[in-house]
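A.B. asks: One structure follows; several queries about it will come next.
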């Protein structure tokens, strides 16, 4: 074989090797776990490949990969007029995930642009039906309404809208300043109301405390008075019982001794100094004083008789004979 023939065979072998390499490289396809493959054969949908290694017919089959992960669509800021004619700037983000790769491939040409325009339009509709205060405080309501609208609209695209989040709702600067002044006035009002309520409650608590203190003090005084009265009552009862027993004992002893009137009179005379020893200017004598005085007279008469008897019995004593009768004579005459 000539040199030219050998060179031609070598070149042919190299070209064949290159062709085989390119063919195999085009035929072998790897699909990642978060992807699915759409195979078209001669411009017609053939099948859907799951993640893994697959072989197609090069130059005949065409493989397109669809990302099945959750993706984000950033809705650009836009001006929205609320129901009370206030212009606010609103922007949002939309989270979605593909559910049907075939619909996502063939039912929408540019899903990102289509979803962005759809979110902007419906965001204007939802916010435009609300007052400014309601739109500022109803983020969850706006998110839920917008998610429901987008989910229904994108269902034919093979996409499920997971959630919608409002990034900001920004009113004009003048409105923001007026809201700040209103908020400050409202907070000052609530502070004054709370302060007045606190003073009122403090006054009520002080009055209630004074009332409870007075009640407890009165109850304490009443309890003390009751205890003192009970103690005095017990003391008087005990003293009365003791005096009663003493009187009974003395009475029994007197009856047992069978005292005479003279003895009683003597005891009465002994008691008179104690009766007279006091600050009183009046002395009350018992009803039976006549009997006692009679006894005293009897004692005095007995005492006088006794004294006369002692005088008569003493030596040198001269009996009292009374006055001498007048005889009309003198001793000289006798």
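The values are calculated or read from the model by the stated rules, or taken from the named source; none is laboratory data. Note that the coordinates shown come from a computational prediction; the quantities given were computed from them, not determined experimentally. No Cβ is skipped: glycine too gets one built from the backbone with ideal geometry, and neighbour counts run over all protein chains shown.
A.B. asks: Would you point out which residue out of 155, 151, 110 is over 40 Å from the mean Cα position of the chain (by Cα) and surrounded by 16 or more Cβ atoms within 10 Å (Cβ to Cβ)? Steps first, please.
C.D. replies: Details: 155 fails: surrounded by 16 or more Cβ atoms within 10 Å (Cβ to Cβ); 110 fails: surrounded by 16 or more Cβ atoms within 10 Å (Cβ to Cβ).
On inspection, the qualifying residue turns out to be 151.
A.B. asks: Does residue 118 satisfy the criteria of being touching a helix residue (DSSP H, G or I) at 6+ places or on another chain (Cβ under 8 Å), within 17 Å of residue 84 (Cα to Cα) and either outside the structural domain of residue 82 (by TED's automatic domain parsing) or modelled with pLDDT of 85 or more (or both)? Walk me through how you get there before you give the answer.
C.D. replies: Details: touching a helix residue (DSSP H, G or I) at 6+ places or on another chain (Cβ under 8 Å): yes; within 17 Å of residue 84 (Cα to Cα): no; either outside the structural domain of residue 82 (by TED's automatic domain parsing) or modelled with pLDDT of 85 or more (or both): yes.
No.
A.B. asks: Somewhere in segment 125-136, is a residue crowded, with 16+ Cβ neighbours inside 10 Å and assigned to a loop (DSSP other than H, G, I, E, B)?
C.D. replies: Yes: segment 125-136 contains one or more residues that are crowded, with 16+ Cβ neighbours inside 10 Å and assigned to a loop (DSSP other than H, G, I, E, B).
A.B. asks: Sticking with this one: Looking at 29, 44, 36, which is the one that is farther than 25 Å from residue 165 by Cα, in contact (Cβ under 8 Å) with a residue 40 or more places away in the chain and not assigned by TED's automatic domain parsing to the domain that holds residue 151?
C.D. replies: Working: 29 fails: in contact (Cβ under 8 Å) with a residue 40 or more places away in the chain; 44 fails: in contact (Cβ under 8 Å) with a residue 40 or more places away in the chain.
Result: 36 is the single residue among 29, 44, 36 that is farther than 25 Å from residue 165 by Cα, in contact (Cβ under 8 Å) with a residue 40 or more places away in the chain and not assigned by TED's automatic domain parsing to the domain that holds residue 151.
A.B. asks: Could you run through segment 158-175 and say how many residues are in a helix (DSSP H, G or I) and either touching a helix residue (DSSP H, G or I) at 6+ places or on another chain (Cβ under 6 Å) or surrounded by 11 or more Cβ atoms within 10 Å (Cβ to Cβ) (or both)? Talk me through it step by step, then tell me what you get.
C.D. replies: In the first step, residues of segment 158-175 are kept if they are in a helix (DSSP H, G or I); the result is 173-175.
Then drop every residue that is not either touching a helix residue (DSSP H, G or I) at 6+ places or on another chain (Cβ under 6 Å) or surrounded by 11 or more Cβ atoms within 10 Å (Cβ to Cβ) (or both), which leaves 175.
Qualifying residue count, segment 158-175: 1.
One line per residue, one yes/no per condition, for (1) modelled with pLDDT of 90 or more; (2) surrounded by fewer than 10 Cβ atoms within 10 Å (Cβ to Cβ); (3) more than 30 Å from residue 143 (Cα to Cα):
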residue: 7; (1), (2), (3): no, no, yes
residue: 14; (1), (2), (3): no, no, yes
residue: 21; (1), (2), (3): no, no, yes
residue: 29; (1), (2), (3): no, no, yes
residue: 51; (1), (2), (3): yes, no, yes
residue: 55; (1), (2), (3): no, no, yes
residue: 73; (1), (2), (3): no, no, no
residue: 93; (1), (2), (3): yes, no, no
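A.B. asks: Now a separate question. For segment 75-90, how many residues are surrounded by fewer than 14 Cβ atoms within 10 Å (Cβ to Cβ) and under 10 Å from residue 128 (Cα atoms)?
C.D. replies: So the answer is 5.
A.B. asks: If you check residue 183 against the conditions, is it in a helix (DSSP H, G or I), surrounded by 13 or more Cβ atoms within 10 Å (Cβ to Cβ) and not assigned by TED's automatic domain parsing to the domain that holds residue 88? Lay out the reasoning, then the answer.
C.D. replies: Working: in a helix (DSSP H, G or I): yes; surrounded by 13 or more Cβ atoms within 10 Å (Cβ to Cβ): no; not assigned by TED's automatic domain parsing to the domain that holds residue 88: yes.
Here the answer is no, as residue 183 does not meet what is asked.
A.B. asks: Another question about this same structure. Please work out if residue 196 is within 34 Å of the chain's Cα centre (by Cα) and free of Cβ contacts under 8 Å to residues at least 12 places away in the same chain. So that I can check it myself, show each step before the final result.
C.D. replies: Numbers: within 34 Å of the chain's Cα centre (by Cα): yes; free of Cβ contacts under 8 Å to residues at least 12 places away in the same chain: yes.
So residue 196 passes the test.
A.B. asks: Determine which single condition residue 38 fails, assuming it passes every other condition in (1) at pLDDT 90 or above; (2) out of contact with any helix residue (DSSP H, G or I) (no Cβ under 7 Å at 6 or more places or on another chain).
C.D. replies: (2)
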